[in-house]
Amino acid sequence: MKYTFLIADDESVEREGLSFLLTRRGYPIRILEAVNGEQALEIVSREPVDVLITDIRMPFMDGLELARRIRERDARMKILVCTAYGEFEYAQKAISSGVTAYLLKPVQREEFYEKIDQVLAWLDEEEKRSQPAAPDMEKIWYVLSHGYAMDDKARRALAAKGLAPDGARPVLMLVKFPGSEIESRVGEFEALLRPRVGGLWIMSNCRAMLLFEQTALLPDEALLAFGHEIQRSLKEGLGAMPRVLLSQPRNGAAGLTEGWRRLEAQGELRLYAAGSVILPDARQANEDERVLEQLNRLVHEAKRALERGDSPEAVSRLEELTGALRLIGDVSAMYVRYIAMEAVTALIQSGRDPSAVKPSMDEILSAHSTEQMADLIDRHAHYLADEARRGGEDAIETLLAAVHQRYNEPLTLDALARSVYMTPSYVSFLFRQRTGTTLIKYITEYRLSRAEEMLRQGGKSVTEVAQRVGYDNISYFGSLFKTRFGVSPAQYARGSKGAGEGKP
């Protein structure tokens, strides 16, 4: 057996079901089981486990606490969390617990196999990278960067390249592509950079680690310029603009391990805008507190607007949110993912098909740039705007029909808004957008036009006409009529009668 899987779930039927699916597929794995988080933690403390599949709600220790405690001692283990449908807060918390992926219960076979295939591919890739069949010097750099002590072989290899063991000052670089360019064009990528690097390692999630051999420490300005130069080369050679993180350990080869870890941590913990070139050692991070406070305010204003049915206001706030995300150059990945989950969850709950939840959460968890987060929120916001426009058009048609049929009844903005399940402010916005006037003015105009028609036809007193168009206060009706037509209702009736008598 090649890998060890541990299934942690307090329900035996769940453990047996997952074990059956894994066995049936014929994966090269060994399967262990635990009935709760404490037992699972005890198992991983005594023997190596490659993949943990854990439920969230378990006695003694839940799955998220289990994931957090395992991640503290083992950054390599792949952790898949199972959660019941609709428990969004768990997906949000799972981000900070270092989980690899999550599955919704009841687990769907195809989705389960897709996740397991992906996890096994990652494990195979990591195993392959741990035993590189690269040129001798690249192997030396690899083992030095992964915590192995410098032995005589490494010293001789460095000396053969004119690098004193204690004088080498390699530059480390993490390149993150916005799409799948690197995965589909590995050969072109290597051909472009191989002549310039001492080590080149393709990683998962559209990333590559590079090592450039140097003998002197470079100032930050020179390092940044170097990063931009490599970025331009990749843009010209592959047509893709990657984000670039780079570092030059001050203590040379001895600092490689810490340097790699710092770059990988920054790549996972923070999101960067398109075209960024970052020096984590000396980065001037955005004022996180101020930026995140702004993002938090916008998403909560959008949620309040959705709660009161004011879709235009919600879309407006979300447009501000996505605009801010696109401008941010360096921000906490965990918090932005949380903000994106808050926004998308609110949008979906406002009327979207609930089946849109899972793929959206998957996108958020796998996103590696602020632009991806913004694009995802935009897609949902545009859907809401389209739905609101269509729903608003139907609502206004309903209101116009109500006014035309019931103009003689007491009609108020609040009552009419309730009849179409909208807030008065939202109805006012939609009505003015459609007709160019307010709903109350439209009702008054329609009533007066019907009154004018009745007076012109004759046969009814001014009092009767006023009551038929919804006015019990005759003086108020008279004032409105005179303002609209320039004469009182009685004068208008006499004029219309006189005009009629004068006809042959």
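The values are calculated or read from the model by the stated rules, or taken from the named source; none is laboratory data. These numbers were taken from a predicted model, which means no experiment stands behind them. Methodologically, a virtual Cβ is constructed for each residue, glycine included, from the backbone with ideal geometry; neighbour enumeration extends over all protein chains shown. Keep in mind that these areas ignore ligands, DNA and RNA; they rest on the heavy atoms of the full protein, side chains included. Shrake-Rupley method; radii C 1.70, N 1.55, O 1.52, S 1.80 Å.
Odds and ends about this structure:
- Residues satisfying the stated conditions in segment 180-200, i.e. open to solvent by 20 Å² or more (accessible area, probe 1.4 Å) and under 23 Å from Ala265 (Cα atoms): Ser180, Glu181, Glu183, Val197
- Residue match in segment 397-408 (condition: under 23 Å from Arg468 (Cα atoms), surrounded by 13 or more Cβ atoms within 10 Å (Cβ to Cβ) and among the charged types (D, E, K, R)): yes
- Any chance Leu455 is buried (at least 17 other Cβ atoms within 10 Å of the Cβ), in contact with a Leu (Cβ under 9 Å, 6 or more places away or on another chain), assigned to a helix (DSSP H, G or I) and modelled with pLDDT of 80 or more: no
- Flag for Ala34 being open to solvent by less than 10 Å² (accessible area, probe 1.4 Å), within 34 Å of the chain's Cα centre (by Cα) and under 23 Å from Ala121 (Cα atoms): no
- Some residue of segment 366-386 being of a type in the set (Gly, Ala, Ser), at pLDDT 80 or above, open to solvent by 30 Å² or more (accessible area, probe 1.4 Å) and farther than 12 Å from Val315 by Cβ: no
- In this structure, Leu411 does not satisfy being surrounded by 14 or more Cβ atoms within 10 Å (Cβ to Cβ) and within 25 Å of Leu306 (Cβ to Cβ).
- All of (1) modelled with pLDDT under 85; (2) touching a Ser or Thr at 6+ places or on another chain (Cβ under 8 Å); (3) outside any loop (DSSP other than H, G, I, E, B) hold for Leu211 with one exception: (1).
- In this entry, Arg283 is excluded by the filter for residues that are at pLDDT 80 or above and out of contact with any Ser or Thr (no Cβ under 9 Å at 6 or more places or on another chain).
- Selected residue (criterion: least open to solvent (accessible area, probe 1.4 Å)) from residues of segment 430-452 that are more than 18 Å from Asn408 (Cβ to Cβ) and in a helix (DSSP H, G or I): Phe431
- Among the residues of segment 253-274, those that are aliphatic (A, V, I, L, M) and either within 25 Å of the chain's Cα centre (by Cα) or surrounded by 20 or more Cβ atoms within 10 Å (Cβ to Cβ) (or both) comprise Ala253, Leu256, Leu263, Ala265, Leu269, Leu271, Ala273, Ala274.
- The set of residues from segment 44-59 being within 21 Å of Lys105 (Cα to Cα) and surrounded by fewer than 20 Cβ atoms within 10 Å (Cβ to Cβ) comprises Arg57, Pro59.
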